[in-house]
Amino acid sequence: MPAASLHALLAHSIDYAGMFPPCSLTLEKALQNQAEYVRSPTTWMLNSFVLPLEKFDAAAEQLSRFDKKHALRISALGPKTENAAEFASAFKAIAQTIRSFKGQHADVVSVPQVEMPLPQDVDLAGLREARAFLGDLKLQLFLETPADAAEETIALLAQLKEPQFGYKLRTGGVTADAFPSSVQIAGALLAATQQHVPIKFTAGLHHPLRQFREEVGTKMHGFLNVLGASVLAAEHHWDEGQIVQMLDDERAASFSFDETIFAWREWEMTAERIHARRKFVTSFGSCSFDEPRADLSALSLL
């Protein structure tokens, strides 16, 4: 078993996105993997299966891999829309699709989360209009904009005063230019912390620690760096500079986990407090569930 503090930091932290680059698996293979993962000893790290709305019908044909005890938990990926009108219309379709899908497959499926790009012209009224289409659906919504617009978008979401609206930050991709700087990530973390807006991450977080990777020709951010900085910054009221220091740390020796305390350098946090902070620091999307586990094992953390 992992240390309790590591368990608190990584519980339900990985949204498996096997169909997306660089893995780019077929839907059938990705669902086959998901069915294995929900039955594995490390299923405690797994959150949701990232499934585009247009793939729901195809996924319905393969639900025999799941059962009530090993259900398919879905993060529905909405389409990219060009403007506020298309965005509102898409939300209406999203609500209809999710209601229908859950109604037909409630015994083996849950859809607790939706993630979707946010067009530049959507304002507070547009968000409220979209929210109205969801009615009584209990969904956590994560809306994505480019990293350089993160703080502005988080401020907009904060005006809703609804914790079900969160921000999705892209932390990498398959090319070097897809990776935001540590300063950009720190700005988003600080804004989300100060305004109590939930945040999740996607792409580029396959490995626990920040490191240079030949396949992308740049340094990839580490998920222990990002998640750890998120909770420690909130707990200790860090400024942007302190967050950047942790995001840039590539030394495994800087991180320690035991049954009570998670520590980065001289900064500490109890497992109980991590649980409380994780309410606003939810998960990260990864096309691989194997790489994070293998790397944690190599660090003797699993």
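Sort through Arg170, Arg213 and tell me the only one that's within 20 Å of Asp290 (Cα to Cα) and of a type in the set (Lys, Arg).
Working: Arg170 fails: within 20 Å of Asp290 (Cα to Cα).
Checking each option against the conditions leaves just Arg213.
If Ala85 passes every condition in (1) surrounded by fewer than 21 Cβ atoms within 10 Å (Cβ to Cβ); (2) in contact (Cβ under 8 Å) with a residue 12 or more places away in the chain; (3) closer than 30 Å to Asp121 by Cβ but one, which one does it miss?
So the condition that Ala85 fails would be (2).
Out of region 178-194, which residues are under 17 Å from Ala147 (Cα atoms), open to solvent by 30 Å² or more (accessible area, probe 1.4 Å) and not in a loop (DSSP other than H, G, I, E, B)?
Ala178, Val183, Gln184, Leu190, Thr193
Inspect all residues belonging to region 101-114 and state whether any of them is open to solvent by less than 40 Å² (accessible area, probe 1.4 Å) and of a type in the set (Ser, Thr, Tyr).
The answer is no, given that none of the residues of region 101-114 is open to solvent by less than 40 Å² (accessible area, probe 1.4 Å) and of a type in the set (Ser, Thr, Tyr).
Answer yes or no as to whether Leu25 is of a type in the set (A, V, I, L, M, F, W, C) and out of contact with any strand residue (DSSP E or B) (no Cβ under 8 Å at 6 or more places or on another chain).
yes
Considering each of Ser110, Ser75 in turn, give the residue that is closer than 18 Å to Pro198 by Cα, in contact with a strand residue (DSSP E or B) (Cβ under 6 Å, 6 or more places away or on another chain) and small (Gly, Ala, Ser). Outline the logic, then answer.
Values: Ser110 fails: closer than 18 Å to Pro198 by Cα.
Only one candidate passes the filter, namely Ser75.
Any residue in region 69-81 that is more than 28 Å from Pro119 (Cα to Cα) and open to solvent by less than 10 Å² (accessible area, probe 1.4 Å)? Even if it seems obvious, please write down each step before you answer.
At the first step, the residues of region 69-81 found to be more than 28 Å from Pro119 (Cα to Cα) are 69-72.
If we keep only those that are open to solvent by less than 10 Å² (accessible area, probe 1.4 Å) as well, we get 72.
Looking through region 69-81, at least one residue is more than 28 Å from Pro119 (Cα to Cα) and open to solvent by less than 10 Å² (accessible area, probe 1.4 Å).
If you go through region 269-281 one residue at a time, do you hit one that is open to solvent by 40 Å² or more (accessible area, probe 1.4 Å) and either free of Cβ contacts under 8 Å to residues at least 24 places away in the same chain or acidic (Asp, Glu) (or both)? Don't jump to the end; show me each part of the working.
As a first pass, look at region 269-281 and keep what is open to solvent by 40 Å² or more (accessible area, probe 1.4 Å): 270, 272-273, 275-277, 279-280.
Those left that are additionally either free of Cβ contacts under 8 Å to residues at least 24 places away in the same chain or acidic (Asp, Glu) (or both): 272, 276.
Yes, the conditions are met somewhere in region 269-281.
Could you grab the pairs with beta carbons closer than 6 Å, sequence gap of 6+ or different chains, first residue in region 142-160 and under 17 Å from Lys80 (Cα atoms), second one part of a strand (DSSP E or B) and among the charged types (D, E, K, R)?
Phe142/Glu115; Phe142/Lys168; Phe142/Lys200; Glu144/Lys168
Of these, Pro208, Pro198, which one is open to solvent by less than 10 Å² (accessible area, probe 1.4 Å), under 22 Å from Ser288 (Cβ atoms) and either among the aliphatic types (A, V, I, L, M) or under 17 Å from the mean Cα position of the chain (by Cα) (or both)?
On the way: Pro198 fails: under 22 Å from Ser288 (Cβ atoms).
Being open to solvent by less than 10 Å² (accessible area, probe 1.4 Å), under 22 Å from Ser288 (Cβ atoms) and either among the aliphatic types (A, V, I, L, M) or under 17 Å from the mean Cα position of the chain (by Cα) (or both) holds for just one of Pro208, Pro198, which is Pro208.
Can Leu134 be described as open to solvent by 20 Å² or more (accessible area, probe 1.4 Å) and closer than 27 Å to Lys161 by Cβ?
Details: open to solvent by 20 Å² or more (accessible area, probe 1.4 Å): no; closer than 27 Å to Lys161 by Cβ: yes.
No: the conditions fail for Leu134.
Looking only at residues that are in a loop (DSSP other than H, G, I, E, B) and farther than 26 Å from Gln113 by Cα in region 211-225, which one is most open to solvent (accessible area, probe 1.4 Å)? So that I can check it myself, show each step before the final result.
To start, the set of residues in region 211-225 that are in a loop (DSSP other than H, G, I, E, B) comprises 214-217, 221-222.
Then drop every residue that is not farther than 26 Å from Gln113 by Cα, which leaves 214-217.
Details: Glu214: 149, Glu215: 110, Val216: 19, Gly217: 46 Å².
It comes out as Glu214.
Against the definition (under 17 Å from the mean Cα position of the chain (by Cα) and open to solvent by 10 Å² or more (accessible area, probe 1.4 Å)), how does Thr175 come out, yes or no? Spell out the reasoning first.
Numbers: under 17 Å from the mean Cα position of the chain (by Cα): no; open to solvent by 10 Å² or more (accessible area, probe 1.4 Å): yes.
When the stated conditions are applied, Thr175 does not pass them.
Any residue in region 226-237 that is small (Gly, Ala, Ser), in contact with a Ser or Thr (Cβ under 7 Å, 6 or more places away or on another chain), within 19 Å of Gln194 (Cα to Cα) and open to solvent by 10 Å² or more (accessible area, probe 1.4 Å)?
Yes, region 226-237 contains a residue that is small (Gly, Ala, Ser), in contact with a Ser or Thr (Cβ under 7 Å, 6 or more places away or on another chain), within 19 Å of Gln194 (Cα to Cα) and open to solvent by 10 Å² or more (accessible area, probe 1.4 Å).
The values are calculated or read from the model by the stated rules, or taken from the named source; none is laboratory data. Since the model is a prediction, treat every value here as computed from it, not as a measurement. In this analysis, Cβ positions are derived from the backbone assuming ideal geometry, glycine residues included, and neighbour counts consider all displayed protein chains. The accessibility values were calculated without ligands, DNA or RNA, using every heavy atom of the protein model including side chains. Shrake-Rupley method; radii C 1.70, N 1.55, O 1.52, S 1.80 Å.
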